[in-house]
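Participant: Input: one structure, supplied below.
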């Protein structure tokens, strides 16, 4: 462990995570390669780190320059490699014998929302989440912080073509339910005893027509007429709770 000068810029392609929950979860994940750690003396004293891991003691001001804006780093910042890619077929095979819900996101690009949905997926024991590779955020400090550690253990599959992925999900025995405000049925009407794949669209635009056409049913959350819609991460949390509470 050494006293650092001003921290260097991040290596290309390597995200930086910050905050106690995100950092400790990444360090504890055997699938995650942590390349470097920065921290205050107080924060580092509470960690048990491998001796081969480069660790730099930094003050609060230096840590603040490693993270965007006023991000709450809580005295810890790490640089990591992204997790290995996961294939959709492998995820579907792991859930072949259970009824855990699957979360499918259609062009949800806000990293705060994706992180919050990872956290909800962990809380309600979802099988995992599926996103389109081109229209979803990469692993980042914002996603990791919003996920509060769930990024490290909730399977996240990125696919090239969401419509083809929905076909594969349907062939695996999932009932694909697209959540949209214009659906005549509520989510409770459509869940039944299915293995649900809950499909949510981006805020504002909602589900694309092609995505809706690859769902088995469309459903809405029965919210008050006083509000037009919910934040997509809130909608995901409610839908996952409903699926678990059947």
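Readers should treat all values here as calculations from the given coordinates under stated rules, not as data from a laboratory. The structure presented is a predicted model; accordingly, all values stated were derived computationally and were not measured. All Cβ positions, even for glycine, are placed from backbone atoms using ideal geometry, and neighbour counts span all protein chains on display.
Participant: Helix-derived [θ] at 222 nm for the chain: sum -39500 (n - 2.57) over DSSP H runs of at least 4, divide by residue count, nearest 500?
Facilitator: -9000 deg cm²/dmol
Participant: Mind grabbing the base-10 log of I(q)/I(0) for the chain at q = 0.10 Å⁻¹? Debye formula, identical points on the C-alpha positions, no solvent, two decimal places.
Facilitator: -0.52
Participant: With springs connecting C-alpha atoms under 10 Å apart, model the chain as a Gaussian network and identify which of 193, 107, 74 has the largest mean-square fluctuation.
Facilitator: 193
Participant: Can you pull the Kirkwood radius for the range 200-240, inverse mean 1/r over Cα pairs, to one decimal in Å?
Facilitator: For the range 200-240, the Kirkwood estimate is 11.3 Å.
Participant: Hey, another quick one. Would you mind calculating the relative contact order of the chain from Cα pairs under 8 angstrom and at least 6 residues apart, reporting the percent as a whole number?
Facilitator: Once normalised by length, the contact order is 20 percent.
Participant: For the chain, take the longest principal axis of its alpha carbons; what is the angle in degrees between that and the long axis of helix 162-171, to the nearest 10 within 0 to 90?
Facilitator: Between the helix axis and the principal axis of the chain, the angle is about 60 degrees.
Participant: Rounding to the nearest 10 and keeping the result within 0 to 90°, find how far the Cα-based axis of helix 232-244 lies from the longest principal axis of the chain.
Facilitator: So the inclination is approximately 70 degrees.
Participant: Pairwise over distinct Cα atoms, reciprocal of the mean inverse distance: report the Kirkwood radius of the range 26-70 in Å, one decimal place. Intermediate values should be presented prior to the final figure.
Facilitator: Working: mean 1/r = 0.0855 Å⁻¹.
One decimal place: 11.7 Å for the Kirkwood radius.
Participant: I've got another one for you. Which shape class, rounded, prolate or oblate, goes with the range 160-237 when its Cα gyration tensor gives a ≥ b ≥ c as root eigenvalues, a/c under 1.5 marks rounded, and past that a/b bigger than b/c marks prolate?
Facilitator: oblate
Participant: Next question. Take 92, 162, 118, 24 and order them by how many other Cβ atoms sit within 10 Å, fewest up front.
Facilitator: Listing 92, 162, 118, 24 from fewest to most nearby Cβ atoms yields 24, 92, 162, 118.
Participant: Find the relative contact order for the range 119-246 and round it to a whole percent, using C-alpha pairs within less than 8 Å whose residues are 6+ positions apart.
Facilitator: Answer for the range 119-246 is 27 percent.
Participant: Which of 122, 61, 46 moves the most in a Gaussian network model of the chain with Cα springs under 10 Å?
Facilitator: 46
Participant: Turning to a different aspect of this structure: Which of 124, 153 comes first, and how do the rest follow, when ranked by fewest Cβ neighbours within 10 Å? Walk me through the numbers on the way to the answer.
Facilitator: Working: 124 20, 153 14.
In order of increasing Cβ crowding within 10 Å: 153, 124.
Participant: I need the shape label for the range 107-155. Rule: rounded when a/c is under 1.5, else prolate if a/b > b/c, else oblate, with a, b, c from the alpha carbon gyration tensor.
Facilitator: Oblate is the answer for the range 107-155, as a/c is 1.5 or above yet b/c matches or exceeds a/b.
Participant: Ok, one more. Highest mean first, how do 109-117, 33-41 rank when packing is the count of other Cβ atoms within 10 Å averaged over residues?
Facilitator: Highest to lowest by the protection proxy: 109-117, 33-41.
Participant: Test of understanding: what is the full-extension gain from residue 205 to residue 57, defined as 0.36 nm times their sequence separation minus their Cα-Cα distance?
Facilitator: Fully extending the segment from residue 205 to residue 57 adds 48.8 nm.
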